[in-house]
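This report refers to the structure that appears directly beneath it.
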Amino acid sequence: QVRLLESGGGLVQAGGSLRLSCTASGRTYSTYGMGWFRQAPGKEREFVAAIRWSAGSTHSADSVKGRFTISSNNAKNTVYLQMNSLKPEDTAVYYCAAAAAKWGVSKDAYDYWGQGTQVTVSS
């Protein structure tokens, strides 16, 4: 079992920045990669960014490229999402997820999920 705990959400004005953190505990050696997803009210949960633990390779959604950066500290089993130039449309609950065998943009590739952290961007 892998447990994920997100932190760092909050209220920020448009153009501002936030950094989300996700710390994994439990059988973290069994995870292949980590991802961030978000879900706005009335919308589907969508992919934001992902990273592989071993290679450090990353992938981001087009909507956040150039503004959001995913990174990791393997020694701390922690993944970060640095969010800059935030827009009101970035408002959502942000979820951290861990993949056991592979990773990607689909929710189905992830086996473990955190409880989410709210990000609200005011205009």
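Once you charge only the Cβ atoms, +1 for Lys and Arg and -1 for Asp and Glu, what is the size of the charge dipole of segment 1-98 about its Cα centre, to the nearest 20 debye?
Working: 11 positive and 6 negative charges, 48 e Å.
Taking the Cα centre of segment 1-98 as origin, the dipole is about 240 debye.
Taking each residue as 0.36 nm, the span from S122 to Y32 lengthens on full extension beyond its C-alpha to C-alpha distance by 28.9 nm. Net charge of the neighbourhood of T28, taken over other residues with C-beta under 13 Å away and scored Lys/Arg +1, Asp/Glu -1, is +2.
Please list, by residue number, every one of the chymotrypsin sites (Phe, Trp or Tyr not before Pro) in segment 20-76 that is coil in DSSP and has at most 16 other beta-carbon atoms within 10 Å. Spell out each step's value before the answer.
Working: sites: Y29, Y32, W36, F37, F47, W53, F68; in loops: Y32, W53.
Of the chymotrypsin sites (Phe, Trp or Tyr not before Pro), the ones in loops of segment 20-76 whose Cβ has at most 16 other Cβ atoms within 10 Å are Y32.
Potential lengthening of the chain between L5 and E46 amounts to 12.9 nm, from the contour at 0.36 nm per residue minus the alpha-carbon distance. A cut-off of 5 Å between modelled amide H atoms, ignoring neighbours fewer than 5 places along the same chain, links F68 with N84.
Rolling a 1.4 angstrom probe over the chain with all protein chains present gives an accessible area of which 46% lies on carbon and sulfur atoms. Could you please report the charge total around G114, scoring K, R as +1 and D, E as -1 over all other residues with beta-carbon less than 10 angstrom from its beta-carbon? Taking every Cβ under 10 Å from that of G114, the sum is 0.
Tell me which lysines have Cα within less than 17 Å of K76's Cα, excluding those fewer than 8 residues away on the same chain? Those lysines meeting the cut-off do not exist here.
Rolling a 1.4 Å probe over the heavy atoms of the protein chains gives the chain an accessible area of 51 Å² per residue.
Once the Cα gyration tensor of the chain is found, what semi-axes does its equivalent ellipsoid get, as square roots of 5 times the eigenvalues, in whole Å, sorted largest first? Mind showing how you got there, number by number?
Values: eigenvalues 105, 38, 36 Å².
Its equivalent ellipsoid spans semi-axes of 23, 14, 13 Å.
The values are calculated or read from the model by the stated rules, or taken from the named source; none is laboratory data. Just so it is clear, the structure is predicted and the values come from calculations on it, not from any experiment. Here the Cβ is made from the backbone with ideal geometry for all residues, glycine too, and neighbour counts use every protein chain on show. Areas reflect the complete protein model, heavy atoms only, side chains present, ligands, DNA and RNA absent. Shrake-Rupley method; radii C 1.70, N 1.55, O 1.52, S 1.80 Å.
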